[in-house]
Amino acid sequence: MARRTSVWLGVLLTAAMLVLAACGGGAPSSSSSEPGSEAVSEGGPQQGQVTLVWGRGGDSVGLDPANVTDGESLKVTTQIFDTLLQFQGDTTNVGPGLATGCEPNQDATEWTCTLREGVKFQDGTPFNAEAVKFNFDRWMNTKNPYRYEGEEFGYYAYMFGGFDDKSVIKSVDVIDDTHVKFTLRNPLAPFLQNLAMAPFAIASPTAIQKWGADFFKNPVGTGPFKFVRWDKDSQIVLERNDDYWGEPAKVDQLVFRVIPDNSERLLELQSGTIQFADGISPSDVPTIKSDPNLQLFLRPANDVGYLAFNVEKAPFNDKKVRQAFNMAIDKKAIVDAFYGDLGEPANTPLPPKMWGHSNLQDYPYDPEQAKQLLQEAHFDFSKTYELWAMSNPRPYFPEPTKIAEAIAQDLSKIGVKVKIVTYDWDTYLAKTENGEHALALMGWIGDNGDPDNFLYVLLDKDNATKGSAGNIAFYRSDPLHELLIKAQQTPDQATRTQLYEQAQQIIHEDAPWVPLVYAEDPVAASAKVQGYVASPLGLEQLNKVSLAK
């Protein structure tokens, strides 16, 4: 125990001091009104004001960051809300946010955070320690009076072990207006990284009490942009928060437009009606590179796209069937066809640039061996099985329906018939989290630079809860669970790496997924865009972006 405490102090105090050392900045800089892009229609900015329009493939599910799990929602909430700590630029390094620093006790079971003074929510109410406690109490206590119907707070359970007595956070206590103390039931290695994650942004308690279950449509944070309106399946409009405590936004208005078709989105970018486009087809990258009016950014491959088996449903409760599908799908051909140089076949749930990634030998592409395994499993070849694919492009699946068709073709070569089924994005997420599928394409973009955010969230039995599952395979392994919990509570990264390598070996043998691809995520922008830095987390603070004349 003594050695453990000593190591914790070495690692965690260093992290805390880094946070504190970086807290001197943050003073607002002056802003200027820059003429440039087109105004949005009804409710848009006045003549001479500047609007930045981001084109994307799908709409947000909700705008309460604590109650969503999808990137399209968090992409918007990141502009409206701030977290206690923040990721720095294009890294997963943690620095100050609403807190200027957090310090641990001897065994890292208590963390005291110092809060920034003078910050206000966009509704004019003060940000303080009471507001921090209000938010965490709402997330972690299932009987909290401000936890409304339909609010699952799935991310809280993903990252902090569950709710009530299962929560790693035992209590959050107000010391004074600018100091708040987190008491943990046990040390948690990625605690600071978790505090910096977008879902744990601090919302206005007053607004939550005012709007109740409709807060997700009326978000109020402390961020650089304020919510204006949401035209469902069309656009979300934000405007600059002129009272922002940090670097003020360089544009007057920020709009997220839904343009489902990849080609149409690129055409709008080329015509100048939008300034950003993500969900770009890799095949369009050469076109973007050759256009002097455009520029290309690549988010590092901090993701995984996969095919999840629902292991609660026959025949996918049989390991041999799952292993056979792993051998039947030609990952390299899929990557070559749909990703070009922007993807590589996946062998584990952890992307290669994430520490802890294992170079274990993947299942070979071997249709004959796959057929043999299915015969041994007494697989019913007479049935047709549903293969679910999302309707909108995702960074890990730029063309999900076509990728599903390629998988179906591979499976047909071993005599397996599948029918492709799709739903709109929010319905798709709700149904898969509820376990209604048998086979489903899904993916994950890392949130905090720690393997725990992949392996525990996506494959631990704690997160196989119907209705809010991060583990949509509903795979439950006690040996895996023991390894992942031990890794959470272990401070030494080398030891954690060994634990995660063992965990990936168990996952490989049990095969609850077919890991398919690690993909770089292309983002195209107008050549007028300045100050944009692509983040491996897929979430950028757009207050730092401006438009040249």
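Restricting to DSSP H runs of at least four residues, report the calculated mean residue ellipticity at 222 nm for the chain, -39500 (n - 2.57) per run over all residues, nearest 500 deg cm²/dmol. Numbers along the way, then the final one.
Working: 17 runs with 159 residues, N = 549.
One gets -8500 deg cm²/dmol as the mean residue ellipticity at 222 nm.
In whole percent, how big is the carbon plus sulfur part of the accessible area of the chain, probe 1.4 Å, protein atoms only? Mind dumping the intermediate values first?
On the way: 9980 of 20900 Å².
The nonpolar share, carbon plus sulfur, comes to 48 percent.
Quick one: of Lys170/Lys210; Lys133/Lys544; Lys289/Lys528; Lys120/Lys549; Lys313/Lys417; Lys143/Lys313, which pairs are farther than 25 Å apart, Cα to Cα?
On the way: Lys170/Lys210 27 Å; Lys133/Lys544 29 Å; Lys289/Lys528 15 Å; Lys120/Lys549 33 Å; Lys313/Lys417 17 Å; Lys143/Lys313 33 Å.
In this structure, Lys170/Lys210; Lys133/Lys544; Lys120/Lys549; Lys143/Lys313 lie more than 25 Å apart at Cα.
Could you tell me the relative contact order of the chain? Use alpha-carbon pairs under 8 Å, at least six residues apart, and round to a whole percent.
That works out to 20 percent.
In the chain, what % of DSSP beta bridges are antiparallel (nearest 5)? Intermediate values should be presented prior to the final figure.
Values: 56 of 71 bridges.
Among the beta bridges of the chain, antiparallel pairing accounts for roughly 80 percent.
When the Cα centres of the range 65-109 and the range 475-513 are compared, how far apart do they sit, in Å?
25
Which order do His508, His378, His437, His179 take when ranked by solvent-accessible area (1.4 Å probe, heavy atoms of all protein chains), largest first? Numbers along the way, then the final one.
On the way: His508 35, His378 160, His437 0, His179 55 Å².
Highest to lowest solvent-accessible surface, that is His378, His179, His508, His437.
Reported to two decimal places, what Rg/Rh ratio describes the range 405-541 when computed on Cα atoms with Rh from the Kirkwood expression? Write down the numbers at each step before the final one.
Values: Rg = 17.9 Å, Rh = 17.5 Å.
Taking Rg over the Kirkwood Rh, I get 1.02.
Please report the base-10 log of the normalised intensity I(q)/I(0) for the range 166-311, using a Debye sum with one equal scatterer per alpha carbon and no solvent, at each q in 0.16, 0.18 (1/Å).
-1.21, -1.28
Using a 1.4 Å probe, what is the accessible area per residue for the chain, in Å²? It would help to have the intermediate numbers written out before the result.
Details: 20900 Å² over 549 residues.
Accessible surface, normalised per residue, equals 38 Å².
How large is Rg/Rh for the chain, to two decimals, with Cα atoms and a Kirkwood Rh?
Using Cα coordinates only, the ratio equals 0.96.
When the C-alpha atoms of the range 48-197 are aligned to their principal axes, what extent does each axis show, in angstrom, from largest down?
53, 33, 32
Which whole-angstrom value gives the distance between the alpha carbon centres of the range 286-349 and the range 404-435?
So the separation of the two Cα centres works out to 14 Å.
Over the range 225-313, what relative contact order in percent results from Cα pairs under 8 Å that are six or more residues apart?
The value is 16 percent.
Taking every Cα atom in the range 238-319, find the radius of gyration and the maximum pairwise distance Dmax, and write them in Å.
When restricted to the Cα atoms of the range 238-319, Rg and Dmax are 19.6, 58 Å.
Using only the alpha-carbon atoms of the range 254-393 as identical scatterers, what base-10 log of I(q)/I(0) does the Debye formula give at q = 0.20 Å⁻¹?
-1.26
Skipping prolines and chain starts, which residues have an amide H placed within reach, meaning under 5 Å, of the one on Val517, given they are 5 or more residues away or on another chain?
Gly305, Ala346
The values are calculated or read from the model by the stated rules, or taken from the named source; none is laboratory data. Just so you know, these numbers come straight off a predicted model, no measurement behind them. Accessible surface is based on the protein model in full, side chains and every heavy atom, while ligands, DNA and RNA are left aside. Shrake-Rupley method; radii C 1.70, N 1.55, O 1.52, S 1.80 Å.
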